[in-house]
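Shown next, in structure tokens, is the structure this report addresses.
The values are calculated or read from the model by the stated rules, or taken from the named source; none is laboratory data. Keep in mind that this is a model prediction, so the values were computed, not measured. Using ideal geometry, Cβ is built from the backbone for each residue, glycine included, and neighbour counts are taken over all protein chains shown.
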């Protein structure tokens with residue numbers, strides 16, 4: 001008799017009002033395998049896993065664990081059945097140590113913290129080869145350490161089936177490799193792992209099988225070794241998709257914005273950006289690569305006028321605009337759109353509707369005491385249509401949209417402002433393949449229209465295909481600016497870690513730019 005599946009979901013249905021999230025979905029997970037769950041934004045992946053982890057309850061259908069039908073009505077039920085989920089947004093207490101975050105969730109621990117808790121948890125960490133200090137406070141941890149802590153938590157609670165929702169969304173290439181090594185060790189020890197992801201190269205690298213959902217319905221499950229990225233994409237979106245990223249070549253213009261010797265501090269007062277120099281041309285996309293926390297966030301916020309610049313200049317048409325209010329900068333002829341990585345915290349008002357978020361961008365332009373909601377609604381409808389935003393209406397609060405649809409609303413609004421400079425940080429993070437290519441096409445259209453684009457990204461393959469040049473930052477300093485089509489991932493990786501310094505070989509320089517050896521022509525340009 002065949003060994004039962006670790007998990008079997010049969011005919012799972014889930015509705016939210018008139019919206020069908022899952023429609024008679026079947027899913028199987030073998031013991032000791034890594035299953036990738038693939039689908040576009042809004043295809044029902046996270047909803048399905050939320051039912052397996054006890055956050056939601058299915059409207060109909062059945063769930064079997066080790067061949068026995070079970071009822072999962074809460075996360076506690078899932079925990080008792082050996083099922084744990086690591087969510088996109090971490091559920092940690094910042095002021096607690098790693099060990100105490102784990103210990104407070106263990107059953108029957110009582111109110112007294114045991115002195116040997118660090119040793120117990122360190123044994124689990126060592127067993128799987130994790131890289132984390134049990135006594136380190138969460139507020140001092142990097143994103144990858146927090147991700148690791150969440151995985152250690154579910155393992156300590158006895159999970160044999162572990163669900164990871166977009167686990168690599170905020171990790172560097174090196175951190176992803178470490179994570180995958182740990183997942184393979186967990187698999188070898190008999191754990192079953194389900195990964196929700198949009199990154200096809202990672203699916204091919206780490207998974208044994210791939211299950212695909214489309215618009216809430218189950219499509220197929222395939223052996224990873226017997227498929228490829230193109231086939232997976234076609235199953236996911238339902239039609240052929242060209243996976244080539246265009247990089248239109250636009251005639252170079254003079255810089256729209258020059259950043260000279262700029263120094264910026266982070267929220268703790270430490271230097272985040274140290275004497276940085278670069279420029280943004282019209283009709284050119286400049287990529288920014290670097291390990292998370294190397295100053296990308298602070299740089300974007302400073303350029304957008306949301307963070308003070310301690311030293312240096314930002315030059316537009318020969319004039320320094322540092323310290324000017326956004327409206328004063330606009331009056332000087334430079335219209336800037338900022339698409340931050342924190343979409344709901346900084347980019348949009350989460351409790352407001354799509355329509356009202358459209359109005360927010362230019363409500364101050366109105367001449368009377370009332371805002372024009374009619375125009376805002378029309379713009380919202382246009383963005384929904386152009387970018388295929390999945391939403392019941394324009395009046396739905398944006399916090400109720402999926403991450404990909406939130407990003408489409410934010411990008412659509414910023415493009416509507418007709419900027420001549422776009423600052424965008426991780427614009428396709430968490431987006432499915434179809435939505436990602438929609439974003440790439442939108443940015444390329446803006447580039448063709450003469451807009452200068454600063455593109456902060458994490459996928460080096462995408463940056464090398466999409467951007468004209470790539471600036472690499474390490475610990476707040478520029479390690480070099482190279483032509484995207486003339487560099488390699490290895491070269492970029494060495495620069496990101498500070499092992500290679502190409503500051504003496506900048507890709508090119510505009511006429512009249514700062515006469516400085518740091519802006520010499522890149523060899524071979």
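When the residues of segment 478-498 are filtered to those that are in contact with a strand residue (DSSP E or B) (Cβ under 8 Å, 6 or more places away or on another chain) and assigned to a helix (DSSP H, G or I), the one that is modelled with the highest pLDDT is 484. Residue count for segment 267-291, restricted to those that are touching a strand residue (DSSP E or B) at 6+ places or on another chain (Cβ under 7 Å) and either outside the structural domain of residue 483 (by TED's automatic domain parsing) or closer than 22 Å to residue 315 by Cα (or both): 17.
Tell me whether segment 188-200 contains one or more residues that are touching a helix residue (DSSP H, G or I) at 6+ places or on another chain (Cβ under 9 Å), assigned to a helix (DSSP H, G or I) and not assigned by TED's automatic domain parsing to the domain that holds residue 305. Yes.
Taken over segment 179-201, the criterion of being surrounded by fewer than 17 Cβ atoms within 10 Å (Cβ to Cβ) and within 17 Å of the chain's Cα centre (by Cα) is satisfied by 201 alone. For segment 461-477, name all the residues that are out of contact with any strand residue (DSSP E or B) (no Cβ under 6 Å at 6 or more places or on another chain), within 14 Å of residue 497 (Cα to Cα) and surrounded by 21 or more Cβ atoms within 10 Å (Cβ to Cβ). Listed by number, the residues that qualify are 473, 474.
Report whether or not residue 429 is more than 18 Å from residue 280 (Cβ to Cβ), in contact with a helix residue (DSSP H, G or I) (Cβ under 9 Å, 6 or more places away or on another chain) and surrounded by fewer than 16 Cβ atoms within 10 Å (Cβ to Cβ).
For residue 429, the condition - more than 18 Å from residue 280 (Cβ to Cβ), in contact with a helix residue (DSSP H, G or I) (Cβ under 9 Å, 6 or more places away or on another chain) and surrounded by fewer than 16 Cβ atoms within 10 Å (Cβ to Cβ) - is not met.
For residue 430, the requirement of being within 18 Å of residue 198 (Cβ to Cβ), part of a loop (DSSP other than H, G, I, E, B) and either at pLDDT below 85 or within 13 Å of the chain's Cα centre (by Cα) (or both) is met. One residue alone among 163, 176, 132 is crowded, with 18+ Cβ neighbours inside 10 Å, in the same structural domain as residue 41 (by TED's automatic domain parsing) and in a loop (DSSP other than H, G, I, E, B), and that residue is 132. Applying the criterion of being part of a helix (DSSP H, G or I) and surrounded by 18 or more Cβ atoms within 10 Å (Cβ to Cβ) to the residues of segment 135-144, the residue that is modelled with the lowest pLDDT is 144. For segment 201-234, which positions are part of a helix (DSSP H, G or I) and either farther than 30 Å from residue 285 by Cα or modelled with pLDDT of 90 or more (or both)? Residues satisfying the conditions are 203, 204, 205, 206, 224, 225, 226, 231, 232. Being in a helix (DSSP H, G or I) and assigned by TED's automatic domain parsing to the domain that holds residue 256: is that true of residue 458 here? Criteria not met by residue 458. The residue of segment 392-418 that is modelled with the lowest pLDDT, among those that are outside any helix (DSSP H, G or I) and crowded, with 20+ Cβ neighbours inside 10 Å, is 402. Show me the strands (runs of 3 or more DSSP E) entirely contained within segment 235-350 in which 2 or more residues are loosely packed, with under 15 Cβ neighbours inside 10 Å and in contact with a helix residue (DSSP H, G or I) (Cβ under 7 Å, 6 or more places away or on another chain). Strands (runs of 3 or more DSSP E) meeting the threshold: none at all.
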